[in-house]
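Here's the structure, in structure tokens; my notes come after.
The values are calculated or read from the model by the stated rules, or taken from the named source; none is laboratory data. Fair warning: this is a prediction, and the values are worked out from it, not measured in the lab. Because the Cβ atoms are built from the backbone with ideal geometry, glycine has one as well, and the counts that use them run over all protein chains shown. Ligands, DNA and RNA are excluded from the accessible area calculation, which covers all protein heavy atoms including side chains. Shrake-Rupley method; radii C 1.70, N 1.55, O 1.52, S 1.80 Å.
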Amino acid sequence: MKTLIKNISSLIGILPPDVKCKRGEEMSLVESLENAWLLIEGDHIDSFGTGGCPPSDKVIDAAGGMVMPSFCDSHTHIVYAGSREGEFLDKINGLSYEEIARRGGGILNSSDLLKSTDEDELFAQALGRLDEVLAKGTGALEIKSGYGLSTEGEIKSLRVIKRLKESRSAVIKSTFLGAHAVGRGYCKSDYVRLVCEEMMPLAEGLADFVDVFCDEGFFTPEDTAAILESGARHGLRPKIHANELAVSGGVQVGVRFDAVSVDHLERTGQAEIEALLESRTMPVMLPGASFFLGMPYGKAKDFIAAGLPVALASDYNPGSSPSGDMRFVMALGCIKMRLTPAQAFNAVTINGACAMDAADVAGSITPGKKANLLITRPGVTLTGIPYNYTTPVVALKLLGGRILQ
Ligand code: NIG
Ligand code: FE
């Protein structure tokens, strides 16, 4: 089945197949083709061009809109039960994220809720969030466990992610985050042992990556190294939480274990930039968490000036970023982090795909990649996407070459 998209004002985000990410000055460029067509064969991009359109079985008229790859959100926690609206009030009344966590709320609160929620109900709630973000233009995403905090709860969460992968044609990667917090009733050393020895072998068949919350009050670089060593024995590359609450040493330990990405990075300096320059690890910043918790924003411009790549992701979770809207993430990247629209675009497409090892199938207009695409309304420009940040700009979303209803 061949589907043609015609009357494209600008086809943006075109890349050759060997480009897996954009770094430094490359992030300022968005390759495009004006007055174009794009041909989809089955679920993937076949070809594109200008001038006479090729034959097809079906035609979609872009009517002068732009066509771009869907957003790639490399960091989400959408498998959780219920919400933490109560803590929202605590936050409004002045309690910090750390204070809420120290009182036994925060991640442990979500873990209690997950424990009392059966697997089908957990799946239904997570599927609702997945459909919400797909409707907002995400076409590839990473989903973490991390609210189980027991062997049973973590494996239940990973099974739910597996069902999510099977339910929708978005590109989905799965991450085992048993070390999100110390589970209730454990001392930290016993819990780290449980993660390494009991959970990791079970996670092996279900997860693509392993994650640790390496930060003040949670797990140290030594705990993290023990968990990443166990992950490596089970074939799981790291994607870790680092430097959100303090200069934690998380970036360095992530780089040492050849992490796919190190994420958050609200508190970093020259030492973190230098460690990353020696690596193939993608720095991922999460401006939605900075916005919601009133934290500093990651210094993306400094990273880019140093020649590094940067990806932006939503961190969709009930505690620090209850939104998976990647367009809002892109707008925060421009408004709060001073990225240009082109830099922010690359950060939420190809670099997001790279940050979850999915750049071979997602993140750009490249023949052979999945046809997960957005068609904008006529007249929308790249700059208009983050500028008119609440105006609807997307006319049609395609997942695997099919229109998302
Ligand atoms: O990425 N920082 C750690 N984990 C999540 C928050 C989890 C929660 O509060 O539920 C984050 O911000
Ligand atoms: Fe997170």
When restricted to GLY82, GLY52, GLY86, the only residue open to solvent by 10 Å² or more (accessible area, probe 1.4 Å) and touching a helix residue (DSSP H, G or I) at 6+ places or on another chain (Cβ under 6 Å) is GLY82
Can you find a residue that is within 12 Å of ligand 1 (Cβ to nearest atom) and among the polar types (S, T, N, Q) anywhere in segment 265-280? no
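Step by step: first the residues of segment 127-149, then only those that are among the small types (Gly, Ala, Ser) and more than 16 Å from ligand 1 (Cβ to nearest atom), then the one that is farthest from HIS44 (Cα to Cα). Which residue is that?
Result: GLY128.
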Being in contact (Cβ under 8 Å) with a residue 24 or more places away in the chain, in the same structural domain as LYS397 (by TED's automatic domain parsing) and more than 14 Å from ligand 2 (Cβ to nearest atom) narrows LEU332, LEU373, LEU339 down to just LEU373
message = Quick check on ALA395: is it farther than 21 Å from MET27 by Cβ, more than 18 Å from the chain's Cα centre (by Cα), outside the structural domain of VAL210 (by TED's automatic domain parsing) and surrounded by 24 or more Cβ atoms within 10 Å (Cβ to Cβ)?
response = no
Wholly inside segment 295-405, helices (runs of 4 or more DSSP H) that include 3 or more residues that are in contact with a helix residue (DSSP H, G or I) (Cβ under 6 Å, 6 or more places away or on another chain) and at pLDDT 95 or above are 326-335, 341-348
Out of (1) surrounded by fewer than 15 Cβ atoms within 10 Å (Cβ to Cβ); (2) more than 30 Å from LYS162 (Cβ to Cβ); (3) among the hydrophobic types (A, V, I, L, M, F, W, C), the one MET1 does not meet is (2)
Subset of segment 281-294, residues away from ligand 1 (no atom under 12 Å from the Cβ), assigned to a loop (DSSP other than H, G, I, E, B) and within 16 Å of the chain's Cα centre (by Cα), comes to THR281
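Please work out if ALA203 is away from ligand 1 (no atom under 11 Å from the Cβ) and buried (at least 24 other Cβ atoms within 10 Å of the Cβ).
yes
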Among PRO318, PRO309, PRO287, PRO322, the single one that is within 16 Å of ligand 2 (Cβ to nearest atom) and crowded, with 24+ Cβ neighbours inside 10 Å is PRO287
Quick check: is even one residue across segment 143-150 on the phi < 0 side of the Ramachandran plot and away from ligand 2 (no atom under 16 Å from the Cβ)? yes
If you go through GLY82, GLY49, GLY65, the only one that is within 16 Å of ligand 1 (Cβ to nearest atom) and either of a type outside the set (Asp, Glu) or within 25 Å of the chain's Cα centre (by Cα) (or both) is GLY82
Scanning segment 201-212 for residues that are without any contact (Cβ under 8 Å) to a residue 40 or more places away in the chain and within 15 Å of ligand 2 (Cβ to nearest atom) gives VAL210, VAL212
In segment 236-250, anything under 19 Å from ALA313 (Cβ atoms) and within 16 Å of ligand 2 (Cβ to nearest atom) is listed as PRO238, LYS239, ILE240, HIS241, ALA242, ASN243, GLU244, LEU245, SER248, GLY250
The residue from LYS91, LYS58 that alone is open to solvent by 70 Å² or more (accessible area, probe 1.4 Å) and either more than 16 Å from ligand 2 (Cβ to nearest atom) or aliphatic (A, V, I, L, M) (or both) is LYS58
Of the residues in segment 251-270, those that are more than 12 Å from ligand 2 (Cβ to nearest atom) and of a type outside the set (A, V, I, L, M) number 9
| Within segment 22-33, is even one residue under 27 Å from the mean Cα position of the chain (by Cα), surrounded by 20 or more Cβ atoms within 10 Å (Cβ to Cβ) and over 22 Å from LYS136 (Cα atoms)? | yes
Scanning segment 120-143 residue by residue, the ones that are open to solvent by 10 Å² or more (accessible area, probe 1.4 Å) and not in a helix (DSSP H, G or I) total 1
